[in-house]
Amino acid sequence: MLTRLLLALSFVPLAWGIHQSHMEVRSKVDFKANINQEVNIAPPQYLQLLTFGHDAFVADILWLQLIQYYGAAYYQDVPQEHLYRYFDTITTLDPDFEMAYLISGFLMADNKKQVELALKILAKGEKNMPESWQIPHQEGFLYYLQLKDTLKAAQAFERASKKPNAPELPSLLAAQLYRRSNDVERCVLSLRMWDNAYQASPTKELKERAKRHTLETQIACDLLTLRKALSDYANIREQRWQTQLAESKKNKQRPPTNPPSAVPSTLQELVNAGLLRQIPLDPFGRPYIYRQQGLKVLAQPLPWKPVDLKATDFVSTPK
Amino acid sequence: MSFLPLALNTLRETIRDKILYVILVFALMMIASSVLLADLSLGQQGRLVVDLGLSSISIFGLIITIFVGTNLVNKEIDKKTIYLILSKPIRRSEFVLGKFFGLSLTLGVITLAMSICFFAVLWTTLRGMGTDPFVWFPTSAMALSLIYIEMLLLTAAAIFFSTFSSPVMSAMFTLGLYLIGHMSYDILNFGKLTGQVMLQQVTQALFFVLPDLERLNLKNVLIQAPVSMDVFGSSLAYGLLYIAGLLVLSMLIFEGKEF
């Protein structure tokens, strides 16, 4: 009994001693040291060799570490230098870790260099998880919001919209951005997407909204076609003028004095020049407004406040 | 079937081993700890519970197999009880089978206990997340079945090594086999990388001889995409055939062993 009591009592100073030594160690640890200097991850290809079949488990451990690392770097206000390394290692060990791909797009959106690395991770995700719509969707946001690359964003959203179980959103975003790219072919692609959205809209309200988008995109496509024709018209006239000048010089004739006008007086001249088959009418059967001065083609006011079309660029203001 | 009493006796003997309970408690603690870690995982609770749970079951199963499996035969020889057993109408091959099935039953009981704990944690976590708990149950059950087959294969290997070496050596061999078994594809790839025909043939031969334990490892792929029954069935058959091969070899060596 006495031995037991003595043993129990000896535990108290021992525990106190251990606690003191622990506190001593803690006082020597510099908790404010730059977190970036403390991160040390083995290259993923070597780490993969050492997991012995527990790749997903090791990826989870790194995931937990990554969250701690991000938080520590955030609070220390130091750049998160190792984010790419973490994400690359995690997704190499566990190629199906969808959340890691998606979060990389959020956490690495600080600067252009980081964004490019995040896009690398997302591209890896698209390859490893071809069924996921969220990965290209996230890619689209990075291109659009961080790199301001409307075309690549639209392409990423379009890829997302084609994945199984994808909701309507990526398709609508792709349609919106393709239309904004100011290119006739992409505008037509956008029109097709809006038309699909219109066909698939389940409710009357959504159908009406999709219809407005479709009609506005139709107008945008027509205007882009007309503007391209006007630009081509000016180029053709300029080329013809240069040819005339060259021929007169060659034949030693007097050069023509008045260059042909690069601006057509009516849109019909575009048809006559073979640049258009016919002059399009807007979806309500009304002609587009052509202003020779400033070479502008605009749509007539819409029955609603334009949703997609930038009014100053596309729609004439009622006088 | 005269190895059955021996198997039941081995079960009784191993289940009384206190180290087993210590390991089991550790395993259960590891599985349960995933609940605490899950809160730090940024919405990945389910994944963490599954990965940590399956890896814990696999690692602790391996420890039990090595601790218990490598001692099974040598303990009988050291204690001289083997003379008593072999003096009965029981063949040496039946002795090996009895030991193997006895430990298999023990591992079965332990795996079942760990699996119940694992499923309970998974159920609680997924319910807390508002996810249907049954989504991951069938796939996890498939992974657990193959983990059990891997344990049996290592048990057979432990018995095989202990028929001709000391417990320490057979423990090392079994651990080595486990590590190399999970690297067999890498060995094959190393051979290919060298570009030398001779090395390629050697690594290919090693690949065919060594157990490909990655075939029994569905832990990493089950979460996102459940494997087909074909893959599962062929992996199961591969494991069972390898076990049978190791047991036959063990029986052959044990038949010729002199005490």
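The values are calculated or read from the model by the stated rules, or taken from the named source; none is laboratory data. Because the structure is predicted, anything quoted here is derived from the model rather than measured. Quick reminder, even Gly has a Cβ in these numbers, built from the backbone with ideal geometry, and neighbours come from all protein chains shown. Note: accessible area is taken over every heavy atom of the protein model, side chains too, but ligands, DNA and RNA are not part of it. Shrake-Rupley method; radii C 1.70, N 1.55, O 1.52, S 1.80 Å.
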### Query
Which number comes out as Rg/Rh for chain A once both Rg and the Kirkwood Rh are worked out on C-alpha atoms?
1.27
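For region B:8-65, what does the convex hull of the Cα positions come to per residue, in cubic angstrom? Mind showing how you got there, number by number?
On the way: hull volume 4.1 nm³, N = 58.
Expressed per residue, the convex hull around the Cα atoms of region B:8-65 is 70 Å³.
In what order, largest first, do A:GLU247, B:GLU13 sit by accessible area if the probe radius is 1.4 Å? The partial results should precede the final answer.
On the way: A:GLU247 100, B:GLU13 55 Å².
These residues rank, largest area first, as A:GLU247, B:GLU13.
Per residue of B:45-53, how many C-beta atoms from partner chains lie within 10 Å of its own C-beta, taken as a mean? Show your work: numbers first, answer last.
Working: counts 0, 0, 9, 6, 1, 3, 10, 5, 1.
Mean shielding count: 4.
Counting only helical runs of four or more DSSP H residues, what would the 222 nm mean residue ellipticity of the protein assembly as shown come to if each run contributes -39,500 (n - 2.57) and the total is spread over all its residues? If you can, show how the numbers build up before the last one.
Working: 24 runs with 397 residues, N = 578.
Rounded to the nearest 500, the figure is -23000 deg cm²/dmol.
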### Message
How much accessible area per residue does chain A have, counting only protein heavy atoms and a probe of 1.4 Å, in square angstrom?
### Response
60
### Summary
Any residue on another chain or 5+ positions along whose placed amide H is under 5 Å from the amide H of A:LYS296 is listed here as A:ARG291
### Message
Please report the net charge: other residues with Cβ closer than 15 Å to the Cβ of B:LEU210, K and R +1, D and E -1.
### Response
-3
### Summary
Applying a 4.7 angstrom Cβ cut-off across the protein assembly as shown, unpaired cysteine residues come out as B:CYS117
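Looking only at chymotrypsin sites (Phe, Trp or Tyr not before Pro) in DSSP loops with at most 11 other Cβ atoms within 10 Å, what is the longest site-free stretch of chain A?
On the way: sites that count: A:PHE31, A:PHE284, A:TRP304.
It runs A:32-283.
Any idea of the total accessible area buried by the A-B contact, 1.4 Å probe, rounded to 100 Å²?
Interface area, both chains combined: 1900 Å², rounded to the nearest 100.
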### Query
Label points 7 Å out from Cα along the Cβ direction at B:LEU240 and A:ASN111: separation in nm?
6.0
### Task
In nm, give the distance between the simple-model label positions of B:ILE180 and A:ILE18, each being 7 Å from the Cα along the Cα-to-Cβ direction.
4.1
## Note on the structure
Taking every C-alpha to C-alpha distance in region B:5-115 and binning by 5 Å from 0, the per-bin percentages run 2, 11, 19, 19, 13, 10, 8, 6, 4, 3, 2, 1, 0
### Task
Give the residue from A:TYR101, A:GLN199, A:ILE236 lying farthest towards the positive end of the charge dipole for the protein assembly as shown; charges sit on Cβ (+1 for Lys and Arg, -1 for Asp and Glu) and the dipole is referred to the Cα centre.
A:ILE236
### Summary
Ignoring ligands, DNA and RNA, the residues of region A:43-62 whose accessible area with a 1.4 Å probe is reduced by 30 Å² or more relative to the chain alone are A:LEU49, A:PHE52, A:GLY53, A:HIS54, A:ALA56, A:PHE57, A:ASP60
### Links that overshoot a 18 Å alpha carbon limit, given the list A:LYS127/B:LYS219; A:LYS113/A:LYS148; A:LYS127/A:LYS162
A:LYS127/B:LYS219
### Query
Debye sum, Cα scatterers, region A:52-130, no solvent: what log₁₀ I/I(0) at q = 0.17, 0.27 1/Å?
-0.61, -1.33
### Task
Could you work out the per residue convex hull volume over the alpha carbons of region A:138-207, in cubic angstrom?
84
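Let's test the formula: R0 of 60 Å, r as the Cβ-Cβ distance of A:SER201 and A:LEU2. What FRET efficiency results, to the nearest 0.05? Spell out each step's value before the answer.
Values: r = 87 Å, r/R0 = 1.45.
Computed FRET efficiency for A:SER201 and A:LEU2: 0.10.
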## Note on the structure
HN-Hα couplings for region A:194-201 via Karplus (6.51, -1.76, 1.60; θ = phi - 60°), in whole Hz with x for Gly/Pro, come out as 5, 5, 4, 4, 5, 4, 8, 4
### Task
Would you tally the net charge around A:LEU102, using a Cβ to Cβ cut-off of less than 13 Å, leaving A:LEU102 out, and scoring K and R as +1, D and E as -1?
-3
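What Kirkwood Rh does the protein assembly as shown have if only Cα atoms enter the pairwise 1/r average? Answer in Å.
On the way: mean 1/r = 0.0328 Å⁻¹.
After inverting the mean inverse Cα-Cα distance, the result is 30.5 Å.
Rounded to the nearest percent, how much of the accessible area of chain B (1.4 Å probe, protein heavy atoms only) is carbon and sulfur?
Numbers: 8750 of 12140 Å².
The value for chain B is 72 percent carbon and sulfur by accessible area.
Order of A:163-175, A:216-228 by packing, highest average Cβ count within 10 Å first? Kindly include the intermediate steps, with their values, before the conclusion.
On the way: A:163-175: 17.6, A:216-228: 20.9.
Descending mean neighbour count gives A:216-228, A:163-175.
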#### Entry: Karplus 3J(HN,Hα) series, Hz, for region B:43-58 with 6.51 cos²θ - 1.76 cosθ + 1.60 (x for Gly, Pro)
x, 10, 4, x, 4, 5, 4, 5, 5, 5, x, 5, 5, 4, 4, 5
### Query
Residue by residue, what Karplus-based ³J(HN,Hα) values in Hz, rounded to whole numbers, does region B:101-113 have, using 6.51, -1.76 and 1.60 with θ = phi - 60° and x for Gly and Pro?
5, x, 5, 4, 5, 4, 4, x, 4, 5, 4, 4, 4
### Task
For A:ARG192, tell me the accessible area in Å² from a 1.4 Å probe, rounded to the nearest 10.
140
### Query
How far is the Cα center of region B:132-210 from the Cα center of region A:234-306, in Å?
76
### Charge dipole of chain B about the Cα centre (unit charges at C-beta), most positive-ward option of B:LEU6, B:GLY108, B:ASN217
B:LEU6
### Query
Can you tell me the Rg and the Dmax, both Å, for the Cα atoms in chain B?
19.9, 63
### Task
Identify all lysines with a Cα-Cα distance to B:LYS75 below 22 Å; exclude those on the same chain that are fewer than 8 residues away in sequence.
B:LYS18, B:LYS88, B:LYS99, B:LYS257
### Local net charge near A:LYS204, Cβ-Cβ under 14 Å (Lys/Arg +1, Asp/Glu -1)
+2
